[in-house]
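Notes to accompany the following structure.
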Amino acid sequence: MSNEPKKETQDAGAMPDWSAYRGVLIVIEQRDGEAKKVSWQLLGEGKKLAAKLEVPLLALVIGNGVEPLAKEAAYYGADKVYLCEAPELGVYRTRPYSRICLKLIDEVKPEIVLFGATGTGRDLAGAIATHLPTGLTADTTELDVEPHPSRLLLASRPAFSEKMMATILCKQYRPQMATARAGVFQALPRDETREAEIIRIESLMPEEEIAAQVIDFIRDTGNLNLEEADIIVSGGRGLGGPEPFAMLKELADALGGVVGASRAAVDAGWIKHEHQVGQTGSTVRPKLYFAIGISGAVQHTVGMGNSDIVIAINRDEKATIFQFAHYGIVGDLFKIVPAITEEVKKRKSLFGIQLPNTEAASQEPSRQQNLEQSV
């Protein structure tokens, strides 16, 4: 008998064999049949990841009467769409939605699953990750993948009090899961010529087995949604106090936009946290962004750096914000902002322009229209 030690079949610390897991799955979030923009943004980013991994881009749509969203998912880049429709799925509840996701993941075996970092997305992703079990990276702002053989998802998010970026890996489990902030990634252009295979799947829990019941939704019509806004007028420490935010609101109203703020202004108590743009606030991607009296700290710029057009107003010509601005105005904001507001109102009156209602989610004017109205 040989005295040589047996060779290990797998080296210590070697990657498990995950060859059965292939594909990038985006879970489409919807309410009342209308998809959240972050879902289309994730399809755009998922398309890049799928191309690098040479796998299909998959989408999952759950709800009641949501077949049109399955077709929309194809228009926004999905190669294959799984659709689950049932009356008990009309409103989101954790157990029935997570059961469907778990069964699909078990059967399809995607290597990456992405959700929007919304209240619903965080709840659903957490429930699924716990049951699988697998790792889950929350509130990611950057996504990438390593090529074969590791095929690891590189999910990055702010860390250490927002001072650094941490890249989190899930080496020992599949699928790799993450939630991503809205406004960070770019949706693909909507293409109605695209087609995808739509596969219907069954609901797994009848209504009588679902413990939680949704009696009603109480909507706050005054709730601010920076992530959906096309025009944002933000103020920072340079405003000197809470009163000048009324001046910013007047400009925002004239443009058909909403008011944002830097962390410094929020921490000072000048405006509520719901207005905050940045790493610890909202990540936004508007067509037009005003940065007024904002220095340009990284905590803020990572939250608005993807804006189509940035206009900065600051008395300090060396302010960092000018490095991110397409147009910069050096001077006294208390003279410049009212002058811009007055000119906008004058041109609206002269040309009879009716700006869109920012609370009407169904009306999204083109970028060119908004820019022409903002000049």
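Values computed for the structure shown
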| read-out | value |
| --- | --- |
| Every residue from the stretch 255-296 that is among the small types (Gly, Ala, Ser) and either in contact with a Lys or Arg (Cβ under 8 Å, 6 or more places away or on another chain) or part of a strand (DSSP E or B) (or both) | GLY260, ALA261, SER262, ALA264, ALA265, ALA268, GLY278, GLY281, SER282, ALA291, GLY293, SER295 |
| Enumeration of residues in the stretch 96-119 that are farther than 18 Å from GLY63 by Cβ, under 23 Å from the mean Cα position of the chain (by Cα) and assigned to a loop (DSSP other than H, G, I, E, B) | PRO110, GLU111, ALA117 |
| Pairs with Cβ under 9 Å, 6+ apart, first in the stretch 58-72 and free of Cβ contacts under 8 Å to residues at least 12 places away in the same chain, second of a type in the set (Val, Ile, Thr) | none |
| Every pair of residues 6+ apart whose Cβ atoms lie under 7 Å, when the first sits in the stretch 265-288 and is over 22 Å from ASP139 (Cβ atoms) while the second is modelled with pLDDT under 90 and of a type in the set (S, T, N, Q) | LYS287/ASN370; LEU288/ASN370; LEU288/SER374 |
| Filter result for the condition that a residue is over 24 Å from ALA187 (Cα atoms) and in the same structural domain as VAL344 (by TED's automatic domain parsing), over GLY281, GLY235 | GLY235 |
| Members of the stretch 26-56 found to be among the small types (Gly, Ala, Ser), under 17 Å from the mean Cα position of the chain (by Cα) and surrounded by fewer than 19 Cβ atoms within 10 Å (Cβ to Cβ), listed by number | GLY44 |
| Among the residues listed as ARG157, ARG151, the single one being in a loop (DSSP other than H, G, I, E, B) and either out of contact with any Cys (no Cβ under 7 Å at 6 or more places or on another chain) or more than 29 Å from VAL91 (Cα to Cα) (or both) | ARG151 |
| Any hit, the stretch 206-215, residues being part of a strand (DSSP E or B), out of contact with any Pro (no Cβ under 8 Å at 6 or more places or on another chain) and of a type outside the set (Phe, Trp, Tyr) | no |
| Unique match (being in contact (Cβ under 8 Å) with a residue 60 or more places away in the chain and polar (S, T, N, Q)) among THR134, THR179 | THR179 |
| Residue list for the stretch 224-250, filter: outside any loop (DSSP other than H, G, I, E, B) and in contact with a Phe, Trp or Tyr (Cβ under 7 Å, 6 or more places away or on another chain) | ILE232, VAL233, SER234, GLY235, LEU239, PHE245 |
| Neighbours by Cβ (under 8 Å, 6+ apart or cross-chain): first from the stretch 318-347, within 12 Å of GLU250 (Cβ to Cβ); second of a type in the set (Ser, Thr, Tyr) and in a helix (DSSP H, G or I) | VAL344/SER374 |
| In the stretch 70-103, residue nearest to ALA196 (Cα to Cα) [restricted to those that are in contact with a Lys or Arg (Cβ under 9 Å, 6 or more places away or on another chain) and of a type in the set (Phe, Trp, Tyr)] | TYR75 |
| Pick from the stretch 253-304, criterion within 17 Å of the chain's Cα centre (by Cα) and among the hydrophobic types (A, V, I, L, M, F, W, C), ranking: nearest to GLU227 (Cα to Cα) | VAL284 |
| Qualifying positions in the stretch 321-333 - buried (at least 17 other Cβ atoms within 10 Å of the Cβ) and not in a strand (DSSP E or B) | ILE321, PHE322, PHE324, ALA325, LEU333 |
| Selection status of ARG315, touching a residue at least 12 places away in the same chain (Cβ under 8 Å) and closer than 19 Å to THR141 by Cβ | no |
| Residue in the stretch 241-259 that is surrounded by the most Cβ atoms within 10 Å (Cβ to Cβ), counting only those that are touching a residue at least 40 places away in the same chain (Cβ under 8 Å) and among the small types (Gly, Ala, Ser) | GLY257 |
| Residue check, ARG122 on the phi > 0 side of the Ramachandran plot, outside any strand (DSSP E or B) and touching a Phe, Trp or Tyr at 6+ places or on another chain (Cβ under 8 Å) | no |
| Candidate set from the stretch 57-94 (those that are over 12 Å from LYS47 (Cα atoms) and of a type in the set (Ser, Thr, Tyr)); member that is surrounded by the most Cβ atoms within 10 Å (Cβ to Cβ) | TYR82 |
| Residues of the stretch 82-95 satisfying the condition of being more than 24 Å from the chain's Cα centre (by Cα) and within 14 Å of GLU208 (Cβ to Cβ) | ALA86, PRO87, GLU88 |
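The values are calculated or read from the model by the stated rules, or taken from the named source; none is laboratory data. Not measured: the values here are computed from a predicted model. Note: ideal-geometry Cβ built from the backbone for every residue, glycine included; neighbour counts use all protein chains shown.
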